[in-house]
Amino acid sequence: MEPQLGATSHGIAATPGKIDIRGVSLRYPGFGSGEGSNLALDNVSFGIGDGEFVAIIGPSGCGKSTLLRLVSGLFPATAGTIAVSGQVVTKVPPGIGFLFQSDALLPWKTAIENVAIGAMLAGKGQKEARARAHALLHEIGLGQAIDRYPSELSGGMRKRVALSRTMAYEPNVFLLDEPFSALDAQTRIHVGNRFLRVLERLGQTVMFVTHDIDEAIALADRVVVMTAAPGRIAAEFPINLARPRDYYQSRMVPGFRELQGQIWDVLRREMQGVLSREG
Amino acid sequence: MKAESAAEFERQRQLNALKVAMRLRVDRAIAVAVPLVLWQLASHWVGKKWISSPVDVAQRIWFMLLDGSLELHTWETFKEAIIGLAIGVVLGVVFGIVLGLWRRLSDAVDPVVMGLYSLPRVSLAPLFIIWLGIGLFAKVALVASMVVFVVLFNVREGVRSIDREIIDAFRSMNASRAAVIRHVIVPSLVPWLLTAIRIGIGMALVGAVVGEMIGASRGLGWYVNHTSGVYDMTGSITALVILMILAMIFNGVLALIERRVLRWRRGSDAWITT
Ligand SMILES: Nc1ncnc2c1ncn2[C@@H]1O[C@H](COP(=O)(O)OP(=O)(O)OP(=O)(O)O)[C@@H](O)[C@H]1O
Ligand SMILES: [Mg+2]
């Protein structure tokens, strides 16, 4: 069956209220006295349904990573509230799988040990955790590298190890900060597809930060575009593309280019703002 | 064909590694032998009275081994250095972690800590001897007072440079505090600690020897003092040679530990330094 843009049914049900972001602002402490100088997020509100896949796009420095940190409960918002599964976030909620923009691997552990830690923190025994890590690394194309240390891996390989660690933790909410950014085109398709299959099977909720418009459309149920710093919501685009999807093939669907153009228009306006302000 | 050349490549690589290792051994043997020969020659021109000679020193070591004085003095100095080092490291780690985590306290006490650090600790030796007598404890205290600062500064810096993202990654997976300490904090401090110990070894020997020179009845420092007092150059230099060997053993053991514990660094800079 050819996936069609605009088709109404998709495998992932969007029941509202998995993540609820209400009027959230964040001001980083420190230097800068001028109004909005260290304001990273300014009154951001939107919701993510249970099992929904939302991609977030925005100019560099607009607060995307900051927003993910707030949702994961690593630190509190300056204003507004965030709820995950109906619980207001005051500390780290259970079942959050946060993939950081930097890979955040332990340099003194091998790839397989790093991934196994994810499973162990989810309560698995040592043996089971290792078996799980082994399987995940093989699936993601790192079978040859399981006993290497992060310093012996390329940037893309490290990113995949980090993604495997997040998967090993078996979260029900994924917070992914540019997970595929360090991968070459082919690996990206392979890893993207693997990831899609797992998601479409288990139906976890995903918040996905990317700089790649095509990727956002190909993966997500909704694309949220943020303004330049301080970050606000500039526009939202529902993506009615049938699932299961293919990371690459989805881009051939009629209507894809128009959507891409619309998103790019919004993004370009925001980027221009940043560039002209700085230039 | 392809596999064959890969195996051949691997064989060549191992052969090369072997060659490099052999060459290092030879180089090091030469680095020891040349100064010894020069020293022996110099002792003829300058006179044994002033600089002794390798042969005399070797002989002295042999005599001292036979009459038990080698063991007596070396063991004493070794004990002072190792116990003092251990105490200095433990205190340094504790203070370093506290000051690393507690910024405000660290800023408050920083001038005092720097002042104490800049104070020549050797000048404390007479005080320690008055307080603790001329036995082991005074020297242990002196050694610890010298080692503690370098460990403190290193550990404090280590605590501050722990990768926040890694800690956040662990916190986001609801890791307990104990798990964060065990998996992240302790392993990040290990390289800093090893560096501190490496510097501390030299300081520990200085502390022990200086302490013995000021007030003691045995130990290699005492032996240097005692023999130079009667113009026994061979005796003084023998003690120095033994101290040097002691330092080399300390460093060798540390290097073994480093190689085991810092294996994960092999991809980053290990190949640059070897
Ligand atoms: N720890 C911090 N302290 C102070 N300011 C910070 C801190 N982290 C981020 N910022 C600031 O907050 C703003 C948003 O940062 P954030 O990392 O969320 O951006 P981003 O949208 O993820 O950017 P990118 O796409 O480049 O990753 C930036 O202006 C940044 O300078
Ligand atoms: Mg970011």
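Of the residues A:S33, A:S72, A:S25, A:S45, the single one that is modelled with pLDDT under 90 and either open to solvent by 10 Å² or more (accessible area, probe 1.4 Å) or within 16 Å of ligand 1 (Cβ to nearest atom) (or both) is A:S33.
When A:G97, A:G86, A:G141 are checked against the criterion of being within 13 Å of another protein chain (Cβ to nearest Cβ) and either at pLDDT below 90 or buried (at least 23 other Cβ atoms within 10 Å of the Cβ) (or both), A:G97 stands alone in meeting it.
Looking only at residues in the range A:167-210 that are part of a loop (DSSP other than H, G, I, E, B) and within 17 Å of A:I239 (Cα to Cα), the one that is nearest to ligand 2 (Cβ to nearest atom) is A:T210. Among residues of the range B:174-185 that are of a type in the set (K, R), none has a beta-carbon under 8 Å from a residue that is open to solvent by 40 Å² or more (accessible area, probe 1.4 Å) and at pLDDT below 90 at least six positions away or on a different chain. Taking every residue in the range A:57-71 that is within 14 Å of another protein chain (Cβ to nearest Cβ) and over 15 Å from A:R269 (Cα atoms) and pairing it with any residue that is within 9 Å of ligand 2 (Cβ to nearest atom) and part of a loop (DSSP other than H, G, I, E, B), at least 6 positions away or on another chain, the pairs with Cβ-Cβ distances below 7 Å are A:S65/A:Q101. Scanning the range A:110-138 for residues that are farther than 13 Å from A:M167 by Cα and within 11 Å of chain B (Cβ to nearest Cβ) yields A:T110, A:E113, A:G123. Checking each residue of the range B:158-167 against the condition of being small (G, A, S), within 21 Å of B:V90 (Cβ to Cβ) and buried (at least 21 other Cβ atoms within 10 Å of the Cβ) gives at least one match.
Screening the candidates B:T238, B:T234 for the property of being in contact with an Asp or Glu (Cβ under 6 Å, 6 or more places away or on another chain) and more than 14 Å from chain A (Cβ to nearest Cβ) yields one hit, B:T234.
Residue check: is A:P107 within 14 Å of chain B (Cβ to nearest Cβ) and either in contact with a helix residue (DSSP H, G or I) (Cβ under 6 Å, 6 or more places away or on another chain) or more than 16 Å from ligand 2 (Cβ to nearest atom) (or both)? Talk me through it step by step, then tell me what you get.
Values: within 14 Å of chain B (Cβ to nearest Cβ): yes; either in contact with a helix residue (DSSP H, G or I) (Cβ under 6 Å, 6 or more places away or on another chain) or more than 16 Å from ligand 2 (Cβ to nearest atom) (or both): yes.
Yes.
Is it true that B:R263 is open to solvent by 20 Å² or more (accessible area, probe 1.4 Å), within 12 Å of chain A (Cβ to nearest Cβ) and more than 27 Å from B:I83 (Cβ to Cβ)? Judged against the criteria, B:R263 is a match.
The values are calculated or read from the model by the stated rules, or taken from the named source; none is laboratory data. Source: prediction; values computed, not measured. Using ideal geometry, Cβ is built from the backbone for each residue, glycine included, and neighbour counts are taken over all protein chains shown. Ligands, DNA and RNA are stripped out before the accessible areas are found, and what is left, the full protein with its side chains, is counted by its heavy atoms. Shrake-Rupley method; radii C 1.70, N 1.55, O 1.52, S 1.80 Å.
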